[in-house]
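The values are calculated or read from the model by the stated rules, or taken from the named source; none is laboratory data. Remember, it's a predicted structure, so these values are computed and weren't measured experimentally. Note: ideal-geometry Cβ built from the backbone for every residue, glycine included; neighbour counts use all protein chains shown.
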Amino acid sequence: MLTSTSAAVVRATLPAVRAHGEQITGAFYSRMFAAHPDLLDLFNRGNQATGRQRQALAAAVVGYAGHLLGDDPVPWGPIAERIAHKHASLGIAPAQYPIVGRHLMAAVGEVLGDAVTPEVAQAWDEVYWLFACELVAREARLYHAAGVADPAEVWRTWQVVDRAAETDDVVSLTFAPVDGAEAGPFVPGQYVSVAVELGDGAGRQIRQYSLSGAPGLPTWQITVKRVLGIDGAPDGVVSTFLHERVAVGDRLQLSPPFGDVSSVGGDGPLLLISAGIGVTPAMSALHDLARRDPGRDVVLVHADRTGSTHPLRRHLPALSAALPRLRMDLWFEQGAADRAVPGVAAGIRARVNSGRVDPDRIPVPEGADVHLCGPLPFMNQVRAGLLRRGVPGDRIAYEVFGPEMLTC
């Protein structure tokens with residue numbers, strides 16, 4: 001809790017910090033990377049280039065200040081937990097927080113100038129350290145639960161044992177631990193970080209990918225869409241690396257599973273809604289239920305451009321056979337509905353629709369837990385439609401990747 005003196009100062013200065021938030025975080029990253037270039041390896045350089053990372057950090061800091069003041073109606077706990085999971089998947093250590101704090105406060109002074117009196121600096125320093133201490137405590141619990149004694153030991157070496165092209169721009173990679181130990185458990189909906197050495201002086205980069213296979217197997221699987229830059233944004237360097245340069249037999253560093261969103265919900269009916277590569281946690285849930293709860297009442301709603309771009313569709317016939325109460329509602333923006341799912345349409349129980357998903361036409365089992373994953377505008381539209389139809393908000397879980405995961 002902020003001291004009363006600091007709370008008054010933060011309340012008075014919060015509008016200025018909010019208005020200049022992205023300038024402050026932009027200056028912060030420039031300062032920190034200049035002093036500690038090794039930290040570049042922890043950050044998505046594409047998000048740095050587009051400004052998404054500084055937008056997310058600004059929103060998180062301002063949101064936390066509003067939380068401390070009691071002015072923000074959005075519950076802070078789930079946001080903090082989401083940030084902590086992301087940090088743990090990167091191996092963030094407590095010793096890195098003083099570095100961030102020093103450069104963040106210097107950036108506040110650089111941008112706001114003489115407005116940052118000693119009293120203002122002290123108040124915002126208090127905000128930062130309350131924020132940092134909360135995250136350090138949450139991350140410590142996550143490391144302990146994952147069996148990680150030291151954040152520096154979060155990485156484990158895995159070998160690619162299978163590679164399968166799912167579509168023209170999506171590939172699945174299956175990994176086994178090099179040390180011969182068990183792969184370890186995870187909850188459908190969780191993700192792992194994958195660290196790659198790009199070579200040619202480009203350094204190391206880390207990305208998060210949902211686990212797309214079933215828990216309880218001796219291997220883990222991720223499914224990766226190749227990211228092509230649009231509107232001046234760079235191509236995805238890690239997704240391109242995984243598509244072009246990783247083959248069976250290669251070794252990569254993976255983190256333990258993290259993520260606070262389960263795609264299997266409770267024990268009752270389940271509604272899985274996805275778009276594009278967002279189908280990966282839904283497929284993990286279906287594979288999991290086929291192994292341990294095949295009688296579950298499940299609806300899969302998936303949206304894609306065409307049947308040919310639908311990732312992981314090759315698994316649908318087997319899942320349809322293993323899950324007798326699975327219904328599918330597939331939406332494709334292009335292509336004739338009767339041949340929308342090449343090679344699998346005859347082997348599944350599905351209603352195939354042309355066009356974009358209409359939230360009013362989504363079949364919602366009574367009392368269902370709902371899991372959403374896909375582009376943020378898609379999820380916002382579908383969630384709003386489900387809320388209008390009376391689905392309780394606390395029964396709608398959603399998965400967000402990228403900097404938006406800090407604030408959504």
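For residues that are among the charged types (D, E, K, R) and touching a strand residue (DSSP E or B) at 6+ places or on another chain (Cβ under 9 Å), scanning just the range 225-259, find the one that is nearest to residue 371 (Cα to Cα).
Result: 225.
What are the residue pairs meeting all of these: first residue in the range 388-400, first residue more than 19 Å from residue 83 (Cα to Cα) and not assigned by TED's automatic domain parsing to the domain that holds residue 188, second residue of a type in the set (Asp, Glu) and in a helix (DSSP H, G or I), Cβ atoms under 9 Å, and 6 or more apart or on different chains?
Taking only residues 6 or more apart or on different chains, the pairs are 388/360; 389/360.
Among the listed residues 70, 147, 77, which satisfies the condition of being out of contact with any helix residue (DSSP H, G or I) (no Cβ under 7 Å at 6 or more places or on another chain) and in contact (Cβ under 8 Å) with a residue 24 or more places away in the chain? Can you show your working first?
Details: 70 fails: in contact (Cβ under 8 Å) with a residue 24 or more places away in the chain; 77 fails: in contact (Cβ under 8 Å) with a residue 24 or more places away in the chain.
Criteria check complete, one pass: 147.
Select, from 180, 216, the only residue that is out of contact with any helix residue (DSSP H, G or I) (no Cβ under 9 Å at 6 or more places or on another chain) and not in a strand (DSSP E or B). First the steps, then the outcome.
Details: 216 fails: out of contact with any helix residue (DSSP H, G or I) (no Cβ under 9 Å at 6 or more places or on another chain).
After ruling out the rest, the residue left standing is 180.
Pairs needed: first member in the range 273-298, assigned by TED's automatic domain parsing to the domain that holds residue 360 and at positive phi; second member anywhere, surrounded by 24 or more Cβ atoms within 10 Å (Cβ to Cβ) and assigned to a helix (DSSP H, G or I); C-beta distance under 6 Å; at least 6 residues apart or different chains.
Hits for this filter: zero, empty list.
Given the conditions (1) in contact with an Asp or Glu (Cβ under 7 Å, 6 or more places away or on another chain); (2) surrounded by 14 or more Cβ atoms within 10 Å (Cβ to Cβ); (3) modelled with pLDDT of 95 or more, and given that residue 248 satisfies all but one, which numbered condition is not satisfied?
(2)
Looking at the range 258-274, which of its residues are touching a His at 6+ places or on another chain (Cβ under 8 Å) and of a type in the set (Asp, Glu)?
Scanning the range 258-274 gives a single hit, 260.
For the range 287-313, what are the residues that are assigned to a helix (DSSP H, G or I) and surrounded by fewer than 18 Cβ atoms within 10 Å (Cβ to Cβ)? Reasoning before the result, please.
Of the range 287-313, the ones assigned to a helix (DSSP H, G or I) are 287-292, 307-309, 313.
Answer for the range 287-313, where residues must be assigned to a helix (DSSP H, G or I) and surrounded by fewer than 18 Cβ atoms within 10 Å (Cβ to Cβ): 291, 292, 308.
Just one of 210, 239, 284 is outside any loop (DSSP other than H, G, I, E, B), within 16 Å of the chain's Cα centre (by Cα) and within 21 Å of residue 350 (Cβ to Cβ); which is it?
Working: 210 fails: within 21 Å of residue 350 (Cβ to Cβ); 239 fails: within 21 Å of residue 350 (Cβ to Cβ).
The conditions single out 284.
In this structure, is residue 90 in the same structural domain as residue 9 (by TED's automatic domain parsing) and over 17 Å from residue 257 (Cα atoms)? Talk me through it step by step, then tell me what you get.
Numbers: in the same structural domain as residue 9 (by TED's automatic domain parsing): yes; over 17 Å from residue 257 (Cα atoms): no.
In short, no.
Condition check ((1) assigned to a loop (DSSP other than H, G, I, E, B); (2) crowded, with 18+ Cβ neighbours inside 10 Å; (3) at pLDDT below 95) across all residues:
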site: 330; (1), (2), (3): no, yes, yes
site: 334; (1), (2), (3): yes, no, yes
site: 346; (1), (2), (3): no, no, yes
site: 371; (1), (2), (3): no, yes, no
site: 385; (1), (2), (3): no, no, no
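How many residues, within the range 207-245, are modelled with pLDDT of 95 or more and of a type in the set (Asp, Glu)?
1
Whether any residue in the range 154-161 is surrounded by fewer than 20 Cβ atoms within 10 Å (Cβ to Cβ), in a helix (DSSP H, G or I) and not aliphatic (A, V, I, L, M) is what I want to check. Don't jump to the end; show me each part of the working.
Of all residues in the range 154-161, those surrounded by fewer than 20 Cβ atoms within 10 Å (Cβ to Cβ) come to 155-157, 159-161.
Cutting the leftovers down to in a helix (DSSP H, G or I) gives us none.
Taking every residue of the range 154-161 in turn, none turns out to be surrounded by fewer than 20 Cβ atoms within 10 Å (Cβ to Cβ), in a helix (DSSP H, G or I) and not aliphatic (A, V, I, L, M).
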